[in-house]
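Quick notes on the structure that follows.
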Amino acid sequence: VQLQASGGGLVQAGDSLRLSCAASERAFSNYAMGWFRQAPGKERELVAAVSWSGVSTYYADSVKGRFTVSRDNAKNTVYLQMDSLKPEDTAIYYCAADTSRIRGPIVVNTFNTWGQGTQVTVSS
């Protein structure tokens, strides 16, 4: 599966952005999906994930209550709604799929298929 992320940009603190990640094939609907980010000089971190069905979600503590992950399997797309953005949210955001499991649970360290990143910059 190939993944294409979009929706990044330059915003001010407190603004919102919605990232999208389109997958190239219908098998997308069988995989848990995640959104990662990497800021300069920092390690990549998982910020949100959604199960194949969309029922289960995971959020990093730093984004809980501000970010919402969702998916539309009919459109082969996963979304990350980011509200109340902070300067510390500035990073390159990547979507990823866990193709090691078919209709399995979210496992934070087994995402193995990556899209290109999209830059999110939040000014203060």
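The values are calculated or read from the model by the stated rules, or taken from the named source; none is laboratory data. Just so you know, these numbers come straight off a predicted model, no measurement behind them. Ligands, DNA and RNA are stripped out before the accessible areas are found, and what is left, the full protein with its side chains, is counted by its heavy atoms. Shrake-Rupley method; radii C 1.70, N 1.55, O 1.52, S 1.80 Å.
Structure summary
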quantity: Heavy atoms of Y79: accessible area, 1.4 Å probe, square angstrom to 10; calculated: 30
quantity: Reciprocal mean inverse distance between Cα atoms of the chain - Kirkwood radius, Å; calculated: 14.1
